[in-house]
Amino acid sequence: MTRPIVLIVEDERPMRRVLSVALRSHGYAVLEADTAGEALLSLREHSPDVMILDLGLPDMDGVELASRVRHERQIPIIVLSARGEEQQQIRALDAGADDYVIKPFRQGELMARLRAALRRHNPPPEPREISVGALRVDLDQRRTFVGEREVSLTPTEFKFLELLARQPGRVVTHERLLREIWGQGHVEDVQYLRVYVKQLRRKIEDDPARPRRIVTALGVGYRLLDANWPSCDEPS
């Protein structure tokens, strides 16, 4: 796998060296810049994945640099500065920084914040197909299968099943289902759910009277299970 590239923007050579050694030991590739001008050039030529930014640069205020970077690229920016004043932190965050770490820093904390920033900017891709036991939901083609048998669903039935399938085993509340399918004005219309659950069970359950896939969390919502999982929920 390609190593994430971290651009260190820091005018103090000893601090750059400390950061560079620490980052490389944690599997990152490293670029270094000691001025804002050099940082912008490196940003455009090498497309780093994340920037660690000191505010005390010789040619430009670090807050201004954060703002300029944010207008060019949507990469995470972690400010690493000895300036601990609240207003300074607010300025940097408002300018586009994702996080603010005060020197002296703990290496483990900085690495954790770096990982968190990368996760926020690079979320895992959405699944295009979800399988829960023998039930398979193809999100691209909007098709549903139980084993090898394709099940014909209406658009509303498919949306209902998709919301459950995205969180298998977890309760999806009445309110969320109603809001996402029918809109905020229908969050009290729980009877809609009962109608569609009944229709879905007829199509995907082996025995609709004893549902094992779409099960009820009484008074709360519904969840989607593998039909082979044990369940103590009661149908409704």
Looking only at residues that are among the acidic types (Asp, Glu) and under 18 Å from residue 110 (Cβ atoms) in region 12-38, which one is surrounded by the most Cβ atoms within 10 Å (Cβ to Cβ)? 32
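Do any strands (runs of 3 or more DSSP E) lying entirely in region 99-166 carry at least 3 residues that are closer than 20 Å to residue 19 by Cα, and which ones are they?
On the way: elements: 99-102, 129-132, 135-138, 143-146, 149-151.
Qualifying strands (runs of 3 or more DSSP E): 99-102.
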Out of the residues in region 39-70 that are touching a residue at least 24 places away in the same chain (Cβ under 8 Å), outside any loop (DSSP other than H, G, I, E, B) and open to solvent by 60 Å² or more (accessible area, probe 1.4 Å), which is farthest from residue 6 (Cα to Cα)? 64
Of (1) surrounded by fewer than 15 Cβ atoms within 10 Å (Cβ to Cβ); (2) in contact with a Lys or Arg (Cβ under 9 Å, 6 or more places away or on another chain); (3) modelled with pLDDT under 95, residue 152 fails just (3)
Any residue at all in region 71-92 that is touching a residue at least 40 places away in the same chain (Cβ under 8 Å), touching a Pro at 6+ places or on another chain (Cβ under 7 Å), closer than 15 Å to residue 9 by Cβ and open to solvent by less than 50 Å² (accessible area, probe 1.4 Å)? yes
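Test residue 163 against the criterion of being open to solvent by 30 Å² or more (accessible area, probe 1.4 Å), in contact with a strand residue (DSSP E or B) (Cβ under 6 Å, 6 or more places away or on another chain), at pLDDT 90 or above and closer than 21 Å to residue 128 by Cβ, and give yes or no.
Working: open to solvent by 30 Å² or more (accessible area, probe 1.4 Å): no; in contact with a strand residue (DSSP E or B) (Cβ under 6 Å, 6 or more places away or on another chain): yes; at pLDDT 90 or above: yes; closer than 21 Å to residue 128 by Cβ: yes.
No.
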Lone qualifier among 30, 21 - being within 19 Å of residue 112 (Cβ to Cβ) and either at pLDDT below 95 or assigned to a strand (DSSP E or B) (or both): 30
Give region 166-198 a look and list any residue that's farther than 15 Å from residue 220 by Cα and surrounded by 16 or more Cβ atoms within 10 Å (Cβ to Cβ), or say none. 168, 181, 196
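In region 132-144, what residues are crowded, with 16+ Cβ neighbours inside 10 Å and either without any contact (Cβ under 8 Å) to a residue 40 or more places away in the chain or under 20 Å from residue 187 (Cα atoms) (or both)?
Looking only at region 132-144, we keep the residues that are crowded, with 16+ Cβ neighbours inside 10 Å, and these are 132-137, 144.
Passing the criteria: 136, 137.
The values are calculated or read from the model by the stated rules, or taken from the named source; none is laboratory data. These figures come from a predicted structure and were not determined experimentally. Virtual Cβ from ideal backbone geometry, glycine too; neighbours counted across all protein chains shown. Quick note on the areas: whole protein, heavy atoms, side chains included, nothing else; ligands and nucleic acids left out. Shrake-Rupley method; radii C 1.70, N 1.55, O 1.52, S 1.80 Å.
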